[in-house]
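Data first, discussion second: the structure below is written as structure tokens.
The values are calculated or read from the model by the stated rules, or taken from the named source; none is laboratory data. Predicted model, so just to flag it, every value in this text is computed and none were measured. Positions of Cβ are generated from backbone atoms using ideal geometry, with glycine treated the same way; all protein chains shown enter the neighbour counts. All accessible areas refer to the heavy atoms of the entire protein, side chains included, with ligands and DNA or RNA removed. Shrake-Rupley method; radii C 1.70, N 1.55, O 1.52, S 1.80 Å.
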Amino acid sequence: VTLKILGCNGAIPAYGRFPTCQIIELNSESIMIDCGEGAQIQFQKYDVKSSRIKYVCISHMHGDHYFGLIGWLTTQALLGREKPLYIYAPAALKQIITMQLDYALPYAVHYVDIIEGQAQVLLDTDKLEIFAFPVDHSVPTHGFRITEKFKKRVLLPEKIAQYEIPKYFLSALAEGKDYESMDGRVVRNEIVTTAGKPSHIYCYSADTAYNENIIPFIKNCNVLYHEATYLSNDIEKAISRKHSTATHAANIAKLASVQRLIIGHYSSKYEDVSPLHEEACEIFEACDYALEGKVFEVG
Ligand SMILES: [Zn+2]
């Protein structure tokens, strides 16, 4: 699983930083999370293949998280996209997008409404799960948990020969099934296979005030992206605007026992974001900071 940052700034673009947009790739699927203004420029700059994006998740209806979508959708049409697109977003997004288009896009766009205030599974396939969980922001907002589905079990050829398992059953073995022969002999799966690579989990907690209620949803994930709009000396501002400080982000990461924390969504008042990173690292050492073009391995 990889995470590519295309935009990591707060509401106003600043110092070359763009509003929120990121791309997750896993099991040969591509997901876009939020689509701030200028996202399609970032797609070009950082060489992201637009046509590969199949799922778009929009966390909330603040412009810095979706103003890039209309341009990106239109460009997709101009580039001849035919593949359908799935957009998971608050219900209002569909209206806003369709109002701006006086023609139908030449590819299907399926809108799936995220139900306000609820934790919910948005998508569940054999490759991945997208789960949305409510956070605490000034408008209804959801974070996303993206789980790479369990990889197939690894076959052990010598054992398979030894136990005389027929070829036609090998794909079932990879899926974890036990083998039973015609004469009723049972070979347990773990004798002839070993576990595949473990699933990896990426969590994006969107724009949120410090909120311990999200911990059950993000617990033990491989990577948590948590906003750190402000330094702690601006905590009043963070509280009144329903954002977090770097210390808040680090405390949540620590309480949720995540493997790595990535901070982002910086206020445009900061030209240099390293003080935010340093503040978070003091509490939670396994901490990186987002910047445009950075790519992170999840897991
Ligand atoms: Zn917001």
Cβ-Cβ under 7 Å pairs, at least 6 apart or on other chains, segment 200-218 side of a type in the set (D, E, K, R), far side in a helix (DSSP H, G or I): GLU212/LEU255
Segment 225-246, subset in a loop (DSSP other than H, G, I, E, B) and of a type outside the set (Lys, Arg), residue surrounded by the most Cβ atoms within 10 Å (Cβ to Cβ): ALA228
Selection status of ILE263, buried (at least 24 other Cβ atoms within 10 Å of the Cβ) and hydrophobic (A, V, I, L, M, F, W, C): yes
Odd one out for CYS57 among (1) within 16 Å of the ligand (Cβ to nearest atom); (2) more than 22 Å from ARG145 (Cβ to Cβ); (3) in contact with a Phe, Trp or Tyr (Cβ under 7 Å, 6 or more places away or on another chain): (2)
Lone unmet requirement of (1) touching a residue at least 40 places away in the same chain (Cβ under 8 Å); (2) over 14 Å from the mean Cα position of the chain (by Cα); (3) under 19 Å from ALA132 (Cβ atoms) for TYR66: (1)
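Matching residues to (1) at pLDDT 95 or above; (2) out of contact with any Gly (no Cβ under 9 Å at 6 or more places or on another chain):
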site	(1), (2)
CYS21	yes, no
LEU26	no, yes
MET32	yes, yes
ALA39	yes, no
SER50	no, yes
TRP72	yes, yes
Answer residue from segment 120-178, given it is within 16 Å of the ligand (Cβ to nearest atom) and polar (S, T, N, Q) and is nearest to LYS242 (Cα to Cα) among those: SER138
Residue list for segment 196-210, filter: within 29 Å of GLY176 (Cβ to Cβ) and open to solvent by less than 10 Å² (accessible area, probe 1.4 Å): TYR202, CYS203
GLN118 vs. criteria more than 16 Å from the chain's Cα centre (by Cα) and over 27 Å from THR147 (Cβ atoms): no
Residue in segment 93-115 that is at positive phi, free of Cβ contacts under 8 Å to residues at least 24 places away in the same chain and among the small types (Gly, Ala, Ser) present: no
Residue under evaluation ALA250, criteria (1) away from the ligand (no atom under 16 Å from the Cβ); (2) open to solvent by 30 Å² or more (accessible area, probe 1.4 Å); (3) more than 26 Å from ALA39 (Cβ to Cβ), criterion not met: (2)
Options ASN222, ASN213: the member that is open to solvent by 10 Å² or more (accessible area, probe 1.4 Å) and either of a type in the set (Gly, Ala, Ser) or within 21 Å of GLU148 (Cβ to Cβ) (or both): ASN222
Any strands (runs of 3 or more DSSP E) falling wholly within segment 1-41 and containing at least 1 residues that are open to solvent by 40 Å² or more (accessible area, probe 1.4 Å) and acidic (Asp, Glu): 21-26
